[in-house]
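**Q** Here you go, one structure.
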Amino acid sequence: MSKLLITGGRVLTQERELDGGAVSVENGIITGVYETPRPAQPGETVVDARGLYVSPGFIDIHVHGGGGFDFMSGEKEQVIGCCRTHLRHGTTTIVPTLCTAAYDSFVRAMSAIDAAAAAMEHGPYIPGIHLEGPYFAPSQAGAQSPEFLRRPDPDEYLAIVERFPSVMRWAAAPELPGALEMGRALTARGVRMSMGHSDATFDEALRAYECGYTCVTHLYSACSSVRRINAYRHAGIVEAAFLLDGMTVEIIADGKHLPESLLRLIYKIKGPDRICLITDGISAAGLENVSGEIYDQSIHSKIIIEDQVAKMPDRSCFAGSVATTDRLVRTMHSLARVPMAEAVKMASATPARHLNIFDKKGSIAVGKDADLLFFDDDVRIRRVLVRGETVEDAS
């Protein structure tokens, strides 16, 4: 029977910081959260977290690769390698994301992810798969492969979710013919729908929200905003995200995709309970000193990495990020001036609620899995625990 007592750290619960608090763990489950230190009990191993934050593990709901590995590869070993990379940066729950592709490519990639999830030991938890596409507006393709874009096909998407029950998130452009029917059908099957890579007007976004599209994929990136139609101004997805209180938004808080002003605006309007920090990380995420031209398997194209971000070769738009989740939390805290507890919440509790796994993940609370991080004031990860077991230790 394994028992831990973590003491002396700044414990970040869902709502506040307990400076000098303590957390007890037994057999991988949190058994106690204390505002003040308590003596160790017989059989407990004491873990000193003095000078460090003690945080719930991060949850990345939108990530394509990392460490030189890609979730589109169709290879179990690459999936595991990618997961291990993000684990070192504090991601203890990860939702592998697949880009627009041919049906057979989806099948190979999803099969490999399912195999990796079954084989993973001492690694991040994989609760399911996220499909980003292929039902997107060509005008908002961004870095998605235009040759694979198509309209929602019930024969295709129903076959996918029936063959792969692990599909838990799906992003589509809601203005496309058949997209609302897709939203209703997949929401009824428990898939969380998101609107993205879309030119939808506010009215189209509102109808989609009512059909189950309750999230916006990487807000401001590849999504519509105010524009003129026949001289009249029409709001878009960005405005729908702000006006609909129940809408959750993803944001790529790498300090590149969104400037300080927009990070602060989104935080002011939506608040930490409706923001999920995502990396949108590509295969180069987590690599040291990477720059120049590389081939990205997810989008079947070359991209340029410069200024600590990925771009299309013509610099017309970004092409995912090279960030890991610790960088997102650091950016929100230091650049957007968000309190640390709330920056962490957007990378833990809020995505856990969105995924419907908050009963076991996403916060430091009695009865939950002891997926815990120790990090310093600069959000440098010092230790990672998965279900109470240390899997990374940089102390």
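The values are calculated or read from the model by the stated rules, or taken from the named source; none is laboratory data. What you see is a predicted model, and the numbers here were worked out from it, not measured in a lab. Using ideal geometry, Cβ is built from the backbone for each residue, glycine included, and neighbour counts are taken over all protein chains shown. Just so you know, the surface numbers come from the protein's heavy atoms only, side chains and all, with ligands and any DNA or RNA stripped out. Shrake-Rupley method; radii C 1.70, N 1.55, O 1.52, S 1.80 Å.
**Q** Report, by residue number, each residue of the range 301-324 that is crowded, with 19+ Cβ neighbours inside 10 Å and of a type in the set (G, A, S).
**A** Across the range 301-324, the qualifying residues are A310, A319, G320, S321, A323.
**Q** Please return the ranges of helices (runs of 4 or more DSSP H) entirely within the range 199-300 where 3 or more residues are farther than 18 Å from A323 by Cβ and open to solvent by less than 50 Å² (accessible area, probe 1.4 Å).
**A** Helices (runs of 4 or more DSSP H) meeting the threshold: 202-210, 237-243.
**Q** Another question, if that's okay. Restricting attention to the range 31-59, which residues are open to solvent by less than 60 Å² (accessible area, probe 1.4 Å), modelled with pLDDT of 95 or more and over 19 Å from E392 (Cβ atoms)?
**A** Within the range 31-59, G32, V33 meet the criteria.
**Q** May I pose another question? When only residues in the range 139-159 that are outside any loop (DSSP other than H, G, I, E, B) and within 19 Å of G183 (Cβ to Cβ) count, which is least open to solvent (accessible area, probe 1.4 Å)?
**A** Within the range 139-159, the match that is least open to solvent (accessible area, probe 1.4 Å) is Y157.
**Q** In this structure, is I94 part of a helix (DSSP H, G or I) and either modelled with pLDDT of 95 or more or more than 22 Å from H197 (Cα to Cα) (or both)?
**A** Against the criterion (part of a helix (DSSP H, G or I) and either modelled with pLDDT of 95 or more or more than 22 Å from H197 (Cα to Cα) (or both)), I94 does not qualify.
**Q** List the number of the failed condition for S316; all other conditions in (1) of a type in the set (S, T, N, Q); (2) closer than 24 Å to A284 by Cα; (3) assigned to a helix (DSSP H, G or I) hold.
**A** Result: S316 fails condition (3) only.
**Q** Which residues, counting only those in the range 103-119, are modelled with pLDDT under 95 and within 19 Å of S283 (Cβ to Cβ)?
**A** S105, F106
**Q** Related question: Test D70 against the criterion of being among the charged types (D, E, K, R), within 23 Å of E15 (Cβ to Cβ) and open to solvent by less than 20 Å² (accessible area, probe 1.4 Å), and give yes or no.
**A** No: the conditions fail for D70.
**Q** Just to be sure I understand, how many residues within the range 160-192 are among the small types (G, A, S) and in a strand (DSSP E or B)?
**A** The number of residues fulfilling the criteria is 2.
**Q** Sticking with this one: Would you be able to tell me the number of residues in the range 317-370 that are closer than 20 Å to I129 by Cβ and modelled with pLDDT under 95?
**A** So the count comes out to 2.
**Q** I've got another one for you. Which of the following residues is within 27 Å of R330 (Cα to Cα), assigned to a helix (DSSP H, G or I) and open to solvent by less than 10 Å² (accessible area, probe 1.4 Å): H130, H86, H62?
**A** H86
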